[in-house]
Amino acid sequence: MPSEVSFSPWTALPDIPLGQETSLAETLDGGQSFRWTKNPGYYEGRWADQVCRLRIRNGQLEWSRPATVQGPPAQAALRHYLAAETDFKRLTDELPWRSDPVLQAAIAAFPGLRILRQPFAETLFCFLCSSTKQIAQIKAICELVAQDQGAPLADGSHALPTWAQIAEAGEARLRAAKLGYRARFIHQTALFLQSNPGWLEATEVLPTGSARERLLQLPGVGRKIADCVLLFGAGRLEAFPIDTWVQKLLSRAYGLSDWNLAHLQDFARIHFGPNAGLAQQYLFAAARAGIIAA
DNA sequence: GCACAGGTAGATT
DNA sequence: AATCTACCTGTG
């Protein structure tokens, strides 16, 4: 009965400059996370054991949570999730937009865009679900798996399952959640993680290059998914996921039509620099919005 | 009916 | 090393 649960009064998050509707929408519901839904006047989302609503009022971000929740303030978890300590305005200014009109247009369209800091294990699961699926379908699949296998949350909805829960539940339950061929990869990954306790936690804190190498050992994890997990689930802003959208926009807007993925990775690192992943998110958003050619 | 969707792995050239 | 192709399922 999620809809019957009352929520706490709205509380402002004054130091997170996300005061524009399109940028909030793109940050929460633009493909970084698959656990947010748009409602009249607010977004509602879940991560770990958290349930949260976010809205913009008078150009300021505000949050609310189920009134029944006890314990430590949700604000700390929310600030971590939104990477409150990261100054995206400054990092954006350090991107090469002055000499790159495509990037400049993308940044102008989504001022305040942020890179989320989602739970590492959940990010891995969600992006293992994502291959050749549209965002709406990925969200539907994640919700099905959560309802089937995840722990109940404060409002009666469900968390995503842990990797241990997925390992126990088996591949058939994943197939039932319409995961198709992804079910085998996900279950194999779950079994690997089950037999290697601490492996994922250790991977998360490794330098980006070695963390990526380890993620690539997991069944179903290639370069794109590994980079998404590093960028959206570990705050590694140098990770530059190249999906079909990014490949197309690099091809058309940057004239790199005959470059293979490895060469495009090199281009991104050299051209966009240490925060290439942030540039990627601006460009991805702008391409999907039809603002730049893709 | 059929191509395509925020890919990956394994085979083939 | 570059280029197929199978893999599930929903959508247009």
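The values are calculated or read from the model by the stated rules, or taken from the named source; none is laboratory data. As the structure is a prediction and not an experimental result, all values here were calculated from the model. So basically every Cβ, Gly included, is an ideal-geometry build from the backbone, and we count neighbours across all protein chains shown. Just the protein is used for accessible areas: all its heavy atoms, side chains included, with ligands, DNA and RNA removed. Shrake-Rupley method; radii C 1.70, N 1.55, O 1.52, S 1.80 Å.
If you go through region A:152-165 and pick out every residue that is at positive phi and not in a loop (DSSP other than H, G, I, E, B), you end up with 0. Scan region A:106-116 and tell me whether some residue there is over 20 Å from A:LEU230 (Cβ atoms), open to solvent by less than 20 Å² (accessible area, probe 1.4 Å) and in contact with a Cys (Cβ under 6 Å, 6 or more places away or on another chain). No.
Every listed requirement among (1) out of contact with any helix residue (DSSP H, G or I) (no Cβ under 7 Å at 6 or more places or on another chain); (2) of a type outside the set (A, V, I, L, M); (3) modelled with pLDDT of 95 or more is met by A:THR208 save one, (1).
The set of residues in region A:166-208 being within 15 Å of DNA strand C (Cβ to nearest atom) and in a loop (DSSP other than H, G, I, E, B) consists of A:GLY170, A:ALA177, A:LYS178, A:LEU179, A:GLY180, A:TYR181.
The set of residues in region A:237-248 that are aliphatic (A, V, I, L, M) and either modelled with pLDDT under 95 or more than 13 Å from DNA strand B (Cβ to nearest atom) (or both) contains only A:LEU237. Of the set (1) in contact with a strand residue (DSSP E or B) (Cβ under 7 Å, 6 or more places away or on another chain); (2) among the aliphatic types (A, V, I, L, M); (3) surrounded by 21 or more Cβ atoms within 10 Å (Cβ to Cβ), all apply to A:LEU103 but (1).
Is region A:259-282 home to any residue that is part of a helix (DSSP H, G or I) and of a type in the set (Ser, Thr, Tyr)? If you could, list the steps in order and put the result at the bottom.
Keep residues of region A:259-282 that are part of a helix (DSSP H, G or I), which gives A:261-282.
Filter again for of a type in the set (Ser, Thr, Tyr), leaving A:282.
Yes - at least one qualifying residue is present in region A:259-282.
Take region A:69-86 and flag every residue that is loosely packed, with under 12 Cβ neighbours inside 10 Å and assigned to a loop (DSSP other than H, G, I, E, B). Give the derivation first.
Narrowing region A:69-86 to residues loosely packed, with under 12 Cβ neighbours inside 10 Å: A:70-73, A:76, A:85.
Passing the criteria: A:GLN70, A:GLY71, A:PRO72, A:PRO73, A:GLU85.
So which residues in region A:237-257 are within 14 Å of A:PHE272 (Cβ to Cβ) and either open to solvent by 10 Å² or more (accessible area, probe 1.4 Å) or part of a loop (DSSP other than H, G, I, E, B) (or both)? Listed by number, the residues that qualify are A:LEU237, A:GLU238, A:ALA239, A:PHE240, A:PRO241, A:ILE242, A:ALA253, A:TYR254, A:LEU256. Among the residues of region A:254-277, those identified as out of contact with any Phe, Trp or Tyr (no Cβ under 7 Å at 6 or more places or on another chain), aliphatic (A, V, I, L, M) and within 16 Å of DNA strand B (Cβ to nearest atom) are A:LEU261, A:ALA262, A:LEU264. Checked against (1) within 16 Å of DNA strand B (Cβ to nearest atom); (2) in contact with a Lys or Arg (Cβ under 9 Å, 6 or more places away or on another chain); (3) within 30 Å of A:ALA74 (Cα to Cα), A:ALA190 passes all but condition (2).
Figure legend. Inter-residue proximity from region A:70-96: first residues without any contact (Cβ under 8 Å) to a residue 60 or more places away in the chain, second residues surrounded by 11 or more Cβ atoms within 10 Å (Cβ to Cβ) and in a loop (DSSP other than H, G, I, E, B), beta-carbon distance below 8 Å, spacing 6+ or different chains. Indicated pairs: A:ALA74/A:ARG65; A:ALA77/A:ALA48; A:HIS80/A:ARG117; A:TYR81/A:LEU116; A:TYR81/A:ARG117; A:TYR81/A:GLN118.
For region A:9-66, filtered to residues that are of a type in the set (D, E, K, R) and in a helix (DSSP H, G or I), the residue that is nearest to A:ILE141 (Cα to Cα) is A:ASP29.
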